[in-house]
Structures are given as C-alpha cells and as structure tokens.
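The values are calculated or read from the model by the stated rules, or taken from the named source; none is laboratory data. What you see is a predicted model; the values in this text were computed from it and never measured. Virtual Cβ from ideal backbone geometry, glycine too; neighbours counted across all protein chains shown. Heads up: the accessible areas ignore ligands, DNA and RNA and are worked out on the full protein's heavy atoms, side chains in. Shrake-Rupley method; radii C 1.70, N 1.55, O 1.52, S 1.80 Å.
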Protein chains: 2
Amino acid sequence: MSGRLTVIGLGPGNADQVTPEASRAVAEARFFFGYKPYLDRLDLRPDQTRVASDNREELSRAKDALAMAAQGHNVAVVSGGDPGVFAMAAAVCEAIEAGPAEWRAVDVSTLPGITAMLAVAARIGAPLGHDFCAISLSDNLKPWDLIELRLLAAAGAGFVIALYNPISKARPWQLGRAFECLTAILPGTTPVVFGRAAGRPDERIEIFLLADADSEKADMATCIIIGSPETRIIKRGERPALVYTPRSAAGPRK
Amino acid sequence: MSGRLTVIGLGPGNADQVTPEASRAVAEARFFFGYKPYLDRLDLRPDQTRVASDNREELSRAKDALAMAAQGHNVAVVSGGDPGVFAMAAAVCEAIEAGPAEWRAVDVSTLPGITAMLAVAARIGAPLGHDFCAISLSDNLKPWDLIELRLLAAAGAGFVIALYNPISKARPWQLGRAFECLTAILPGTTPVVFGRAAGRPDERIEIFLLADADSEKADMATCIIIGSPETRIIKRGERPALVYTPRSAAGPRK
C-alpha cells in the first residue's frame, strides 16, 4: 500500500504568508520530517509526529520520509520558503530516482511557498523587477569555481542576483569573495540588499552599495540581492528608501 | 493627507494559494487598480471600487493608483503571481521616482505572492532545484539582442531558465527564436516544461525535450522552464513523470 508525501513550503516564517493549501496539508498529515527550526513553526496535535533532523541531512530525511509514505502513511516534509528553491523538493526527487520501485508509486505533491528573495524584495521595493537569477552560495554540493563562473556570467549579462545560503560557520569567506568577483564587473554604486528574516519579528533589511557591502553583516538567515547596473535607490525622506530595477533596459553593452 | 498603497500578489490564480496577508489587504482596501482578469478574481463588497485597465498600461495604472492614495485613500494595486516579478511593484516604484514629491510620502507596501515559476515547478517536481534565472521574453521594454545575450549567458553557465511572457499576438516569433538560440548550447534532450495556468481548473503542464519544444503550444498564460544539462526526468509508470534539477553540480566545463 502506498501512502502520500507532501512537500510543504512554509514561506519565510510569518504565519500570514503561509498559503491556505499549505496550512490544510499540515492539518492533514500525520508524520512531519524537517529541519528542527521549520518543524518548530508548526502547532501540531498530539496525534501528529515530528521527526527532526539537521540541515545538512536533506537526502537521508527525504529517504526516511519516502519509506514512511511507502508504508501507507500520510507524510509531510516541511521546508522554509519554497520547497523547490534550494530546499527539500529536489532532495525528495533525488531519493525517488535512486530508491526502490515502490517509492515511485507514492503520491508525491509539492505545495509552493513564498521564497526568501520574494519576501525580501517585497519589503524593499522591487529589486527583482527585471531579469534576475538565484544562486546558492554554498560550495558543499558544487565547486566554488562554478559559483564564480555563474556570478560573472549573471552580472555580465545584466541579471539582478539573489544569493541564498550566503554564509555559515563552515563557509566564512565565500560571500566576501563573491563581492570581490562582482566588483570587477559591476559599478561600486550598485545597490545591494541584505534581507534577514523578512516578515519575522527579528527582520532586518539593509541597503548598501557594492563597494561598501560587508559580508560579516550576513548570516545564514540572510538573502542577499545584488542589483544590476540599472537598479536604483529612491530616497523618500522620513519613509524608508526603496530599491527597484526598472522594467525596461537598454541594449547590450558593445 | 497621504494614504496608503498596497501592491498585492494574488498568486497563480488558485484561492488556496493566496496568502492570508494578501486576503486581509484585499478586505481592507477601498480602491482596486489592476488588469481586469486579476480584478475578476476578487470578491469585492459594494463599498469597494474597481478600476480596471489593460495589460500594457502598467505605468499609467501605477500613477492613477498613487494619485488616489496621495489623496488619502486606501488603495490596492493587484498583480497575479508575485508583484515583484515582471509585475506591478516595479511600475509603482518607477512612478514614485518620476512623480510629484507627495507620492514619496504615501505609505507603500508590497505583499509577495507565489510567482508562476514556483507554482509550475511544484506541479512537476523540482526543476528549479539548483541555480536558476527568470527572464521576461517580452521585447516591448528591452531590445531582443539583450534577451538573446541573456539566454546564451544563462544556458552557458548552467542556469535553469524560467521564461515569463513567452508569447503573445504581437510577439509571435520570439519563443521559437529563443529555443533556436538555446539549441546551439544545450543538448536536444534538455527537459522543457510548459506550465499553463498552474493551480487553476484549466491547468496544463507538459514536458518536452528541447529538440521537440514547439513554441505554438505556449500562450500568454504559460511559464516555460528550460532545464540545465543536469536536469532529469523520472518516469514513474502510472504516475506522472517528475522533472528535477539535482542540488549538486560538477565543475565548469573546461
């Protein structure tokens, strides 16, 4: 008998940004697999069971959840933000592809959520208003050379860049190095937004210029948005400044 | 007296994917500016007023909404998807920057929504599971040369690519040309997802290979996700196939 596995996006961490379909899926599931801080956001009933794991254990968490679902249970895997963006949906797919045949019979669905870059962008204006990309700065699962190549390609082609997983205790220098790379291509006046915990009580959203961006002001909960040469800052006196990227763009630099 | 302007993201079109904060903002606003199909999603009270406009009139819509808010009203600008992604938030910022000083005093906020690429990705697996970019294929506001440059830069650097605004009556050839460009760089076996109206009753999500992708199968409501060379398809017998991009990647091609 094959059960059900729902990969649920809980959004940035504000209950007002959890979709009704995600809330309903939480109410219906019986077993919850996830990184502990995400599980801590749920208000579960006594008949619902939490299985917490660490944030470097995505693949084994996905396997455990699939094994439980394949036994006929209604299982949830929870992610912060959107599960399809540097989160659990890909780990579940990897586990299905490599796993036993019965895992392909599990009724798997994914419920999208507000991912960090959208939450941060909304709080500061519209920095993602034109073409943009999202890059995970973690070199745990890809070589650093590839990250530099992507940063340079994206900045050179005029994309706004959202950086996920910018820094951690085990990865202290990567964000500073990314800013150095980008400084070779982008003007020092390019706006850079550090968006920490958007929508949560400890939210901190700050605007810097690329030349002054200090990687030590970021932590694991920060999403960083680096503008394109078109990105602008609107000062508004007593109101907070807005950062946005216009919808229109001129031609390629010749 | 300065009022309030809230730019509200309504998500892909399924009421179950509208965040509680967006629903509350709709209940509180008095004047609603937007493209008619988005306004049609709202169930407004008799004391709430709709001001519909066409989908090529973003800037004048933003100006009208700001002028109304500056008079002290509680005004909403509604967007499908997320207002910060090829939608109204940037148009509102453009209008503020170019407009009269009193528009900077308006209390402007943006409420994020589930953007199309996240909704489509969730329905098919995890195609955005690794680094990705979003490109509007509309050459109304930028030259086509720049779009080609970005497609080639993104594909060459291994980004998954989500295409917004792929095709319209006035822009019939651009999507076919984009596929031609990408074929020069990506394998013909690269998975391509056509995601139409994700989450709505008329949803249609289809998987093609790049060599067979037919631009005539897309319309204005389609978001297209083009995989990277790492993107994979998992066949599951009676269950629908999954498309995903693994979290890990090898180094740059030398």
(request) Please tell me if A:Arg236 is under 17 Å from B:Ala89 (Cβ atoms), of a type outside the set (S, T, N, Q) and surrounded by fewer than 22 Cβ atoms within 10 Å (Cβ to Cβ). (result) yes
(message) So if I check each of B:Ser53, B:Ser23, which one is of a type in the set (Ser, Thr, Tyr) and open to solvent by 30 Å² or more (accessible area, probe 1.4 Å)?
(response) B:Ser23
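Just wondering, is there one or more residues in the range B:182-189 that are within 16 Å of the chain's Cα centre (by Cα), in the same structural domain as B:Arg236 (by TED's automatic domain parsing) and not small (Gly, Ala, Ser)?
No; the residues of the range B:182-189 include none that is within 16 Å of the chain's Cα centre (by Cα), in the same structural domain as B:Arg236 (by TED's automatic domain parsing) and not small (Gly, Ala, Ser).
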(request) Taking only the range A:136-170 into account, find how many residues are farther than 18 Å from A:Val85 by Cα and open to solvent by 20 Å² or more (accessible area, probe 1.4 Å). (result) 11
(message) Looking only at the range A:116-130, filter to residues that are in contact (Cβ under 8 Å) with a residue 60 or more places away in the chain and not small (Gly, Ala, Ser); which one of those is surrounded by the fewest Cβ atoms within 10 Å (Cβ to Cβ)?
(response) A:Arg123
(message) Taking the conditions exactly as written (farther than 21 Å from B:Gly9 by Cα, among the charged types (D, E, K, R) and in contact with a helix residue (DSSP H, G or I) (Cβ under 6 Å, 6 or more places away or on another chain)), does A:Glu180 satisfy them or not?
(response) no
(request) Inspect the range B:66-74 for any residue being open to solvent by less than 10 Å² (accessible area, probe 1.4 Å), within 13 Å of another protein chain (Cβ to nearest Cβ) and on the phi > 0 side of the Ramachandran plot and give the result as yes or no. (result) no
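Can we say B:Arg104 is free of Cβ contacts under 8 Å to residues at least 12 places away in the same chain and assigned to a helix (DSSP H, G or I)?
yes
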(request) For the range B:149-208, enumerate the residues that are assigned to a strand (DSSP E or B), out of contact with any Cys (no Cβ under 9 Å at 6 or more places or on another chain) and of a type in the set (D, E, K, R). (result) B:Arg171, B:Arg204, B:Glu206
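Just wondering, is there one or more residues in the range B:39-47 that are among the aliphatic types (A, V, I, L, M) and more than 30 Å from B:Arg204 (Cα to Cα)?
no
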(message) Would you confirm whether or not the range B:28-43 contains a residue that is within 23 Å of A:Pro112 (Cα to Cα), surrounded by 22 or more Cβ atoms within 10 Å (Cβ to Cβ), small (Gly, Ala, Ser) and outside the structural domain of B:Ile167 (by TED's automatic domain parsing)?
(response) no
(request) Specify the residue that is most open to solvent (accessible area, probe 1.4 Å); the eligible residues are those in the range A:209-233 that are assigned to a strand (DSSP E or B) and over 22 Å from A:Ser136 (Cα atoms). (result) A:Arg232
